[in-house]
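Every number in this text was worked out from the coordinates using simple rules, so none of it is lab data. Fair warning: this is a prediction, and the values are worked out from it, not measured in the lab. As a convention, Cβ positions derive from the backbone with ideal geometry for all residues, glycine included, and neighbour counts pool all protein chains shown.
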Amino acid sequence: MTTTAPDLHELPEDPSTAGHVVSADVAADASEPGSSLIPTLAGAYYTDPAVFAREQERIFEQMWFCVVRSADLARPGAFRTVQVGRESVLVVRGRDGGLRAFLNVCRHRGAQLCTEESGEVRRNLQCPYHAWTYGLDGALVAAPNLARMPDVDRVANGLVPVHLQEWLGYAWVCLADEPPSFEEEVLGAAVQRLGDLASIERYRTEDLEVGRRIRYDVKANWKLIIENFMECYHCATIHPELTEVLPEFAGGYAAQYYVGHGAEFAPEAQGFTVDGSEGFDRLPDVAEDQDRRYYAITIKPTVFVNLVPDHVIVHRMFPMSADRTVVECDWLYSEDVVASGRDVSRSVELFHRVNEQDFEACERTQPAMSSRAYRDGGVLVPAEHHIGAFHDWLQSKID
Ligand code: FES
Ligand SMILES: [Fe+2]
């Protein structure tokens, strides 16, 4: 195909964790003469259903995939169904208080067990076809005439379990028989970006509450959304409000990109809000040197985490097809802010606009992916060369 490996040795970390923080000119200076432009993936990577099928099989069904905010399933019996790769996965709160995940398929004759996206059952999960009934731990507990079939093993014929881990207050599932190390793949992404785990743990994201959730239905391939998040070459053009608050995002001189770097707020910005007005109190454990700074982390394949002193923004992507991605974005605040009903709208509005601006750009790009002009792909300028590492990673998974 068309992508070549960019020369990345000048970059101090895995650039796939960059978020909007980009260095750019550091890499430009290091490029070979004549290598200002390096190729992207070919257009078919963003449109071909066969490519998407391989991504489902080898990426979404193999890696840890963030599915639901744990607190959304507060009570025993609360469930949510989510699409992970080609599978429907059911996540449910058990009577013992723990979260479990199962394939959303009845073991009798294969009917989908839960057809709603979310809900709450009293005690059990009952298939609407022949009424096989499963406990919240997945075991088969009842079925018509089951008493006359004493040889039926209720665990072996129970729901098929899916691996589940919780972190940052979210449930992450993995469909692989042998999941990759959660520590290395998920926590490791934060460590690579921030330098250590403590830096993200200080935001205590698991204790925060959802102040606002917005779901975006984006008519674009999931990789366009990741690539957009990884570079800031577009920030000056399409993010006027963001570059007011984070001026280093506006220009080429904002090349201070290294492990642990957070973009500094403008001196006149009182908070990370749409008009630079005051936000909320700094989260209690956030360190002095993290104050008035923005950090972005990409956790492949589908999660972005944005850290600012008074809140955390988490994006979860759900790739639905080659040209459609649902993004659920949570704005998380301290319990006090949410419980007191404080107005979070100016705080939410800043990144909501960023999201709309970014997703509009992705939607503008998607139709052109099938143009003859993009058959061999486009190009990355030096400020975007680190996206080449993402392309290499993708190709190593699916080609
Ligand atoms: S398919 Fe579910 S009970 Fe028959
Ligand atoms: Fe952006």
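The residues neighbouring Gln395, those whose beta-carbon lies less than 13 Å from its own, together hold a net charge of +1 under the Lys/Arg +1, Asp/Glu -1 convention. May I ask for the percentage of alpha-carbon pairs in segment 179-337 that lie more than 22 Å from each other? Taking all Cα-Cα pairs of segment 179-337, the fraction more than 22 Å apart is 45 percent.
Measuring how big segment 42-81 is from its alpha-carbon positions, Rg and Dmax come out at 15.5, 47 Å. Computed extension gain for Met320 through Glu363, at 0.36 nm per residue and net of the alpha carbon distance, reaches 14.0 nm. Per-residue packing, averaged as other Cβ atoms within 10 Å, sorts the ranges 386-393, 267-274 into the order 386-393, 267-274, beginning with the highest. By the helix-only formula, in which each DSSP H run with n ≥ 4 contributes -39500 (n - 2.57) and the sum is divided by residues, the chain has a 222 nm mean residue ellipticity of -5500 deg cm²/dmol. Shown is the FRET efficiency for Asp281 and Ile238, computed with R0 = 41 Å from the Cβ-Cβ distance and rounded to the nearest 0.05: 0.85.
The listed peptides 244-251, 190-197, ordered by packing as a protection proxy, come out as 244-251, 190-197 (highest mean of other Cβ atoms within 10 Å first). Note on segment 123-223: the C-alpha convex hull projects to 11.0 nm² when averaged across all orientations.
When peptides 40-46, 368-374 are sorted by average Cβ neighbour count within 10 Å, with the highest value leading, the order is 40-46, 368-374.
Diffusion coefficient of segment 347-399 by Stokes-Einstein, Kirkwood radius over Cα pairs, 4 °C, 1.567 mPa s: 96 µm²/s. Amide H to amide H distances under 5 Å link Ala78 with Arg93, Val121, where only residues 5 or more positions off or on other chains count and H is placed in the peptide plane. Extending 7 Å from the Cα toward the beta-carbon at both Ser340 and Tyr129 defines two label points whose distance is 5.3 nm. At the listed q of 0.14 Å⁻¹, the Debye profile of the chain, built from one uniform point per Cα, gives log10 I(q)/I(0) equal to -1.25.
Distances between placed amide hydrogens fall under 5 Å for Leu113 paired with Val105, Cys106, all partners being 5 or more residues away or on another chain.
For segment 262-363, the direction-averaged projected area of the alpha-carbon convex hull comes to 7.3 nm². What the phi angles of segment 125-137 give under the Karplus curve with 6.51, -1.76 and 1.60, with θ = phi - 60°, is a coupling list of 9, 10, 6, x, 8, 10, 6, 4, 10, 10, x, 5, 8 Hz, glycine and proline written as x.
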